[in-house]
Amino acid sequence: MAELTYTKAGDYLIPDIRLEEMEDRPLGKYGRMRRTYLEENNTLLYNHLTLTGKLFPHLWEVQETATARMGQLMEELLAADPAPDKKTRQMDWVRHMNALKAQAEEIVTAELINN
């Protein structure tokens, strides 16, 4: 076992403990949603991941998986329900694509974020 070193601060000895260096990547939408879900609904897992230093790798993995799944679902939904012609019916195309995106996000949220 490694020997701890201490720093004296007044009358107290404070252990010299440092967190491991982690890469600095921003969290995307789905990573932030997962973190919020864990904080509110599964505090035991959230605290465990935080204390072991595995929270951010977990959130980055969820982010990457959710983004890939969104792309896959959009392709599948678009193949099953083709969009109107974008050149002649622009607002219908936008409305249709937004509806497909909402469906895909609901599926991803149920499968990955709130699981």
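The values are calculated or read from the model by the stated rules, or taken from the named source; none is laboratory data. Owing to the predicted nature of the structure, the values given are computational and were not obtained by experimental measurement. Glycine also receives a Cβ, built like all others from the backbone with ideal geometry; neighbour counts cover every protein chain displayed. Only protein heavy atoms, including side chains, enter the accessible area calculation; ligands, DNA and RNA are left aside. Shrake-Rupley method; radii C 1.70, N 1.55, O 1.52, S 1.80 Å.
Results, tabulated for the structure shown:
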read-out: Environment charge of Gly31, counting only residues whose C-beta is closer than 11 Å and scoring Lys/Arg +1, Asp/Glu -1; value: +3
read-out: Farthest positive-ward along region 34-80 dipole, Cα basis, beta-carbon charges - from Asn47, His58, Gly71; value: Asn47
read-out: Value at 222 nm in deg cm²/dmol, rounded to 500, when DSSP H runs of n ≥ 4 in the chain each add -39,500 (n - 2.57); value: -20000 deg cm²/dmol
read-out: Accessible solvent surface per residue of the chain, calculated while the other protein chains remain in place, 1.4 angstrom probe, Å²; value: 78 Å²
read-out: Proximal aspartates and glutamates relative to Lys8, as straight alpha-carbon distance under 14 Å, when same-chain residues fewer than 8 apart are discounted; value: Asp16
read-out: Virtual spin-label span in nm between Leu4 and Lys29, 7 Å along Cα→Cβ; value: 4.4 nm
read-out: Lysines whose Cα lies under 19 Å from that of Lys86, excluding same-chain neighbours fewer than 8 positions away; value: Lys101
read-out: Thr88-Lys101 pseudo-label distance in nm [points 7 Å out on the Cα-to-Cβ vector]; value: 2.5 nm
read-out: Inter-label distance, nm, simple model (7 Å from Cα along the C-beta direction), Thr109/Glu75; value: 2.5 nm
read-out: Of all accessible heavy-atom area on the chain, the percent that carbon and sulfur account for (1.4 Å); value: 54 percent
